[in-house]
Amino acid sequence: MAYRAWLLRSNGGAVEIAQEIWWLHPVRDDSDERRLGRGWDDVVRQTELALVWPAFPAAAIAIAGNGAGDRLVLMRRAASDDDFGLAIWDHETGVLDWIAEGVEACFAGA
């Protein structure tokens with residue numbers, strides 16, 4: 001998966017998706033102290049914080065923020081589907097806007 005490769009390479013950083021810059025949340029990495037320190041505000045913590053919002057989907061994983069409250073999320077498109085899709089969750093409306101290119105296309109060239 002391209003998102004996994006991105007994390008292995010940079011574990012955070014920024015990516016442009018849907019003509020917007022998204023700041024990717026790192027994943028916890030305790031392989032050395034430098035990496036551990038960067039992961040204090042990781043995907044798990046950011047997802048827990050987003051779940052406080054009333055309209056945030058319970059099954060979503062917050063992988064990035066745009067600095068304005070919106071979240072880039074990974075989520076299954078259907079309950080029985082093992083393929084995760086990529087969507088933008090609008091914090092003001094609670095609406096999910098699926099990214100047509102999907103996870104692989106968005107992170108393949110990044």
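Each value in this text was obtained by applying a stated rule to the coordinates, not by laboratory testing. Treat the numbers as computed from the prediction; the structure is a model and nothing was measured. A quick note on method: Cβ atoms are made from the backbone with ideal geometry, for glycine too, and the neighbour counts reach across all protein chains shown.
Considering the range 1-28, and only residues there that are polar (S, T, N, Q) and farther than 23 Å from Trp98 by Cβ, the residue that is farthest from the chain's Cα centre (by Cα) turns out to be Ser10. Scanning the range 3-22 for residues that are surrounded by 14 or more Cβ atoms within 10 Å (Cβ to Cβ) and part of a helix (DSSP H, G or I) returns Tyr3, Trp6, Leu7. Annotation: Ala105 fulfils all but one of (1) assigned to a loop (DSSP other than H, G, I, E, B); (2) more than 24 Å from Arg28 (Cα to Cα); the unmet one is (1).
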